[in-house]
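All of the numbers you see were taken from the coordinates with simple rules; none came from a lab. Values in this document were obtained by computation on a predicted structure and should not be read as measured data. When we count neighbours, we look across all protein chains shown, and the Cβ atoms used for this are built from the backbone with ideal geometry, even at glycine.
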Amino acid sequence: MVTYVLAILIAILVLYRFEKSDLPVQPLVQLLALAVIGRWLFMTIPNVQPTTAILMLTALCIGLNAAAVLALFVPILSGLLLGIGPFVFYQFLGWLLIVTLVSSFRPLWMKSNILFLLFGFLSGFIYGWTTNLAFFEVIGADFWKLLLLSVPFDLAHGLSNVVFLFLIRPLFERIFLRQLG
């Protein structure tokens, strides 16, 4: 219960910060659609999706406010297509943690694509472990077993992040760094 209240308060803060910013809405809506459709297109392959890469690149090229808004709305909208549940809050928190780390270390990621790809791989585990927290109250002491059982899925997510980041980072930089400065 505390986590849900915390997630809602963080979501309100994200929306407040976005409302006070001067970020253009049109590219964010397009990125939101791309992330949601990407999740839907790859839903048959467990944990392989371009969404985390899109959010990471949004944080890298546009900024934390934009990426945080996407991190909030992607799980809600994709949940309407794929199924919605209490885990949606944890998906938001997982992606928010990832985009916050991307924004915090932006100078490092801009200098080294290898380190950024490595963080993309680790992001698969960060996201997986964060979303697994949704089940902590239910399974209690056996939570470590869930973390262990999720390793192949987190590995698939991490590897797909590396592939998607490698493929679409040049495109993101060409479009957004040139347009938005």
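Listed values, structure above:
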read-out	value
Mean ellipticity per residue at 222 nm, deg cm²/dmol - from DSSP H runs of n ≥ 4 across the chain, formula -39500 (n - 2.57)	-25500 deg cm²/dmol
Gyration tensor (alpha-carbon) shape descriptor, region 1-82, a/c threshold 1.5	oblate
Selected from Ile8, Gly158, Leu177, residue furthest toward positive end of dipole (the chain; charges at beta carbon)	Leu177
Largest-first principal axis extents of the Cα set of the chain (Å)	49, 34, 29
Ordering of 131-140, 70-79 by burial proxy (mean other Cβ atoms within 10 Å per residue, highest first)	70-79, 131-140
Sorted by Cβ neighbour density within 10 Å, fewest at the top, the residues Ser123, Ser21	Ser21, Ser123
Cα-centre dipole for the chain with unit charges at Cβ (Lys and Arg positive, Asp and Glu negative), debye to 20	440
Extended-chain gain in nm, criterion 0.36 nm per residue less alpha-carbon gap, Glu173 and Met110	21.7 nm
Extreme residue, positive dipole direction of the chain, given options Pro50, Leu133, Phe87 (C-beta unit charges)	Pro50
